[in-house]
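*Asks:* Here it is, the structure, as structure tokens.
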Amino acid sequence: MFFEDLEYKDKSMPQTILGYGPFMAELYYGHRSRLYLDDLYNNPQQTSEVIQEAYHQGIRAINLVNDEKLLKAYDMAVDAGCEMKVIATIGKSDVDYLNPNYEVAKEVDWDEDIELFSQYDCPLMMVDEFITDAYDWRLTAKILNRINDSGSLSGLVTSFPSRTTDILAENIDMDLFDFYMIPFNSLSYMMDINAFNASQRQEFVDKVLKLNKKIIATRTLAAGVLKPKEAFTFLKSVDYIDAICIGVAKIEEAKEDFELLKEY
């Protein structure tokens, strides 16, 4: 499951993407964020070794943002022989997930990010969630146009897959982007849905499918709340996810999680 390439337009990209969440010590990991800060973000060598293990397990794509330490870790992995497609998130800023300041997010130098990742093997660039969810549609359209001009496919990332999906079509030219990255897991963790029973799940899926975009599921392990077996069993039960993004924090996790994923 998810170990083939997704062919779209004139681009090819792996269906399983290594996420950057643990490497960036994102705050939604709670108390583990502090551990990830010391073990991964401030230790590019260790991050590189995790990336290398993911590569050895067959992972051929990585989600990157314009961050000096993360890019250093990735470059080290490349020097060690890891040839991966880069799925870039454009406009990443230092915004608190718990109390987001969307004005700060909108001020990031996203144009620099596009120029940077144009130098990588980068089939897809996506607008960061805090820009998307700021609902400044003129800005979002401007970034998407710039991505399209760069030659990469374009997409949007959202933290609010229900609310944002409801208002997309009436606010932005839907032809501007092809991919849509959303948090998606069986617990509706980090999704703007209170529960995820059968009827609510179907209602959510229907509205997402109506967009007619390629869907990338992120936070599939619910930031570590779900065991990989639980998460993968759920993903196997759906047929409307085109790619998944999974973060791992240790060499052992990369080995165990991706070996398990191959069984589904």
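The values are calculated or read from the model by the stated rules, or taken from the named source; none is laboratory data. None of these values were measured; they are calculated from a predicted model. Using ideal geometry, Cβ is built from the backbone for each residue, glycine included, and neighbour counts are taken over all protein chains shown. We work out accessible area using only protein heavy atoms, side chains counted, and drop any ligands, DNA or RNA first. Shrake-Rupley method; radii C 1.70, N 1.55, O 1.52, S 1.80 Å.
*Asks:* When residues of segment 137-187 are filtered for being open to solvent by 50 Å² or more (accessible area, probe 1.4 Å), part of a loop (DSSP other than H, G, I, E, B) and more than 29 Å from Leu235 (Cα to Cα), how many remain?
*Replies:* Of the residues in that region, 3 qualify.
*Asks:* Something else: Of the numbered conditions (1) over 30 Å from Gly151 (Cβ atoms); (2) modelled with pLDDT under 95; (3) in a helix (DSSP H, G or I), Ala105 fails exactly one; give the number of that condition.
*Replies:* (1)
*Asks:* Which condition does Phe204 not pass, out of (1) surrounded by 13 or more Cβ atoms within 10 Å (Cβ to Cβ); (2) over 19 Å from the mean Cα position of the chain (by Cα); (3) in a loop (DSSP other than H, G, I, E, B), if it passes all the others?
*Replies:* It fails just one condition, (3).
*Asks:* Only one of Leu27, Leu37 is of a type in the set (A, V, I, L, M, F, W, C), at pLDDT 95 or above and open to solvent by 10 Å² or more (accessible area, probe 1.4 Å). Can you tell me which?
*Replies:* Leu37
*Asks:* Here's a follow-up. Can you work out which of the residues in segment 68-92 that are closer than 18 Å to Glu49 by Cα and part of a loop (DSSP other than H, G, I, E, B) is most open to solvent (accessible area, probe 1.4 Å)?
*Replies:* Per the criteria, the residue is Glu83.
*Asks:* Ok, one more. Does segment 42-55 hold any residues that are open to solvent by 50 Å² or more (accessible area, probe 1.4 Å) and part of a helix (DSSP H, G or I), and which are they?
*Replies:* Gln45, Gln46, Glu49
*Asks:* Among the residues of segment 228-264, count how many are of a type in the set (Val, Ile, Thr) and part of a loop (DSSP other than H, G, I, E, B).
*Replies:* Number satisfying all stated conditions: 3.
*Asks:* Considering only residues of segment 226-264 that are under 17 Å from the mean Cα position of the chain (by Cα) and over 23 Å from Tyr28 (Cβ atoms), which is surrounded by the fewest Cβ atoms within 10 Å (Cβ to Cβ)?
*Replies:* Tyr240
*Asks:* State which residue is nearest to Gly91 (Cα to Cα) when the search covers only segment 22-41 and only residues that are touching a Ser or Thr at 6+ places or on another chain (Cβ under 8 Å) and assigned to a loop (DSSP other than H, G, I, E, B).
*Replies:* So, considering only residues that are touching a Ser or Thr at 6+ places or on another chain (Cβ under 8 Å) and assigned to a loop (DSSP other than H, G, I, E, B), the one nearest to Gly91 (Cα to Cα) is Glu26.
*Asks:* Still on this structure, please answer the following. Any idea which of (1) farther than 18 Å from Gly21 by Cα; (2) part of a helix (DSSP H, G or I) is the one Ile215 doesn't satisfy?
*Replies:* With (1) farther than 18 Å from Gly21 by Cα; (2) part of a helix (DSSP H, G or I) applied to Ile215, the lone miss is (2).
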